[in-house]
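The values are calculated or read from the model by the stated rules, or taken from the named source; none is laboratory data. Since this is a predicted model, take the numbers as computed values, not measurements. Note that each Cβ is placed from the backbone with ideal geometry, even for glycine, and that neighbours are counted across all protein chains shown. Each accessible area value is taken on the protein alone, full model and side chains, heavy atoms only, with ligands, DNA and RNA left out. Shrake-Rupley method; radii C 1.70, N 1.55, O 1.52, S 1.80 Å.
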Amino acid sequence: MANPVPAPVGGNYDPYVALEFFKSAGTPVEFKEGKTIFAEKEKAIPVLRRNKMYLLLKGEVGLMHGKNAIAIVKPGEIFGELAVISDAPRSASALTRTPCTVIGLDDDDFGTALKKKPAFAVMLLGVMIRRMREAVARLKERGALKADAAWKESVVFDKDMLSDMASGMSDDPVAVYRAGATIITEGQKGVRMYVVMEGRVNIAIGGRVVERLGPGGVFGEAALVDGSTRLANAAAETDTELLPITRAAFIELIKFSPDFAKSMLASFSERLRFLTARLD
């Protein structure tokens, strides 16, 4: 059995922000030692069972992948969030190592809490981005990202929202790129994210195309959230129109649109699952 390591929480994780978020829509629940909070591969069942994400208030929870202990959750840390955000099967089991107190939020609770405490969404994006950067670094080191590996195309904005955004959500004009043109480069400093208005964009990491985006797709947000360098290259696959969005406008979107925040988190959770699955 592998030695468990502390559960990752990201460089900008704030337990107080997490506590206020969970308290705004949930109540504490007690678990005895040795109890399974959720099981690997478990999936939500309409009416009968809903996925929940958890904040640990007291005790210690072990995360298990098969028979291997992969992480230990300590008080103040969150766990189980990806299954709620992306409505996907559990990627690990959570078992109490001691008597525990947790607050759990299902998808409806999560949406309610986002309306009250939007800062949590930005913080959680930062956590997920840090994990993604670590996964990408390990995949590059191993050479494990294959040419035909690509995550599911994500659409954050539906077409009805795009024209409204073009007129009200950015001070910058729509940017036009011809087919084959480079839009952003891996490793460069990022000050804007982009929404695809027309055309298609491919996203590449280490020379491998991992995602293709059409209208409504978003890219470049990772560098905007954590202030670091670009995680990937982006190039116009066809003639393309893009709406640039600054960090200030992005934060306003998060604050005033819980649906946008949930879409962004779901998009990132898909990417993170794609990458971590290749590390298994």
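One table, with the values for the structure above:
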quantity	calculated
Two-decimal ratio, the stretch 238-280, of alpha-carbon radius of gyration to 2.2 N^0.38 Å	1.53
In nm, spacing of pseudo-spin labels at Ala175 and Ala39 (7 Å Cα→C-beta vector)	4.9
Model label zone, Arg97; criterion: amide N under 14 Å from point 7 Å along Cα-to-beta-carbon; scope the stretch 16-42	33-35
Where the stretch 20-103 is the region considered: accessible area per residue in Å², 1.4 Å probe	49
Alpha-carbon centroids, the stretch 169-242 and the stretch 67-121: separation in whole Å	31
Computed lengthening from His65 to Ala248, 0.36 nm per intervening residue step minus Cα-Cα distance	62.0 nm
Peptides 99-109, 33-43 ordered by average Cβ neighbours within 10 Å, highest first	99-109, 33-43
FRET efficiency for Arg142 and Lys116, using Cβ-Cβ distance with R0 set to 41 Å, rounded to 0.05	0.45
For the stretch 43-141, average projected area of the Cα convex hull in nm²	7.5
